[in-house]
Every structure is written in structure tokens, then in C-alpha cells.
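So the structure is just underneath, and the comments pick up after that.
No lab work stands behind these numbers, since they all come straight from the coordinates. A quick note: this is a predicted structure, and the numbers were derived from the prediction, not measured. With ideal geometry, Cβ positions are generated from the backbone for all residues, glycine too; neighbour counts draw on all protein chains shown.
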Amino acid sequence: QVQLVESGGGLVQPGGSLRLSCAASGSIFSINAMGWYRQAPGKQRELVVTITSGGSTNSADSVKGRFTISRDNAKNTVNLQMNSLKPEDTAVYYCSADGRVSRYSTPYTYWGQGTQVTVSS
């Protein structure tokens, strides 16, 4: 069993910054990709940015140049530094981790409970 806990969400003005954090814990054998997705009211969940254990990233065009992901493989944590925030960034942000609970387990995508980010004047 793997648990993901997010923190750092809140209310910020347009142009401001927030830093989200996520920590994975539990019976973790390995984690490949780890990162962030978001879901705005009335919309489907979408990719924000992910990072593999080797450092490769995959991000949405809408956040490139503004959001930066970082990861500590040893601690199984991932952070998201969000700068130049826009109202359209308002959403619930979910941490995700693609991992295994044992050497021979099938890879599974785990999700955190989500943290609210609101960008408003």
C-alpha cells in the first residue's frame, strides 16, 4: 500500500507563487514517474508535470516556463514550484506516483487526496 500526501495549496493573487509538496510513504518497492495533475471545476483531470527517477520531465504547454518540478528519489518526495500564477491555474492539484509495492508487482498509479490552489484577486 502506498500513500501520497500533498501540502502547500492555498489562495494566491495573480502573478504570485506557491510551492506544493508531496510525500509518498508505505510499502514502496520503487517509483518510476512522480508528479502532478490538476482538475478545475467542470473539467477533466489534466497533466501538469511529471518527472521520472532519472530526471526526465513531461509537462503541459500551459505551465512551461512557469512551473518547475523537483524530486528527491531517496525520500520519495516531489515538489512543484508554481510562479506567475494565473486565474486559469485554479484547480485541485493531485500528486501521482507510478510505482510497485514489490519487485514483481504490476506497476500501479497512486493518487493523493488533492490540494486546492486558488488564484484570484
Inter-centroid distance (Cα atoms) of segment 49-121 relative to segment 8-48, Å: 5
Residues S84 and Y104, FRET efficiency given R0 of 35 Å [Cβ-Cβ distance, rounded to 0.05]: 0.20
Proximal lysines to K43, defined as alpha-carbon separation beneath 30 angstrom and excluding residues fewer than eight positions away on the same chain: K64, K86
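What full-extension length gain, to one decimal in nm, is calculated for Q13 and T52 as 0.36 nm per residue of separation minus the Cα-Cα distance? Don't jump to the answer; show the numbers that get you there.
Values: separation 39, 0.36 × 39 = 14.04 nm, distance 3.09 nm.
Length gained, Q13 through T52: 11.0 nm.
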Förster radius 22 Å - calculated FRET efficiency between S70 and W111 (Cβ-Cβ, nearest 0.05): 0.65
